[in-house]
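Q: Sharing a structure here in structure tokens format.
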Amino acid sequence: LGLICLIVPLSLRASLFISRNHVGEQMTAEEVQAEVVGRYRLLSENVTDVVWIADADLQVTYVNPAITRVLGYDVAEAMAMSWEDIWDPECFEAIKKMFVEELTGKNMDHKTPDTLRTIKARLICSDGSTRWVEVKCTSLSDINEKPFGLLVILHEITEDGQIAELGA
């Protein structure tokens, strides 16, 4: 029984296990990578929350298709937009501060490795309307724990009753 197990550390301190149980079959590194990428793609393309990945310069490098359902932008359109164009101006400075602090490690005393920074903010939809979202953010770090980007998850709260607590 040939068993290959790959543990891929994630910034959220979780692990993903990939295994194959075929007798005498071994996976090459390329096959393992393809399987990992395939599983991430399956997951990210089917969740209802928006998943954004940005590099250290805050350039968007990935956004999942949920962006279309939540804000009305297609993926290519959202990736080409600047952060200032998507965030409501009243919320943008707080969002930018959170992103910069996460990338630079500032104000991290309260943060454990499993904690995501969270804030509520408004985003601008393709039709000009706004939507409230809960923004969860964490830095993506290399093996030396040096941040190289951000993982941002947006959960829409406009329609689920949580908006009343915001006074909107």
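Q: Let a ≥ b ≥ c be the square roots of the eigenvalues of the Cα gyration tensor of the range 23-148; is it rounded (a/c under 1.5), or, if not, prolate (a/b larger than b/c) or oblate?
A: Cα axes put the range 23-148 in the oblate bin.
Q: Calculated FRET efficiency, LEU58 and GLN33, Cβ-Cβ r, R0 35 Å, to nearest 0.05?
A: 0.85
Q: Could you please state how large a percent of the accessible area of the range 33-80 is carbon and sulfur, counting protein chains only and using a 1.4 Å probe?
A: 59 percent
Q: Test of understanding: what is the full-extension gain from ASP127 to SER82, defined as 0.36 nm times their sequence separation minus their Cα-Cα distance?
A: Result: 14.5 nm gained on full extension.
The values are calculated or read from the model by the stated rules, or taken from the named source; none is laboratory data. Keep in mind it's a predicted model, so treat the numbers as computed, not measured. Note that each Cβ is placed from the backbone with ideal geometry, even for glycine, and that neighbours are counted across all protein chains shown. For accessibility, only protein heavy atoms count, side chains too; no ligands or nucleic acids. Shrake-Rupley method; radii C 1.70, N 1.55, O 1.52, S 1.80 Å.
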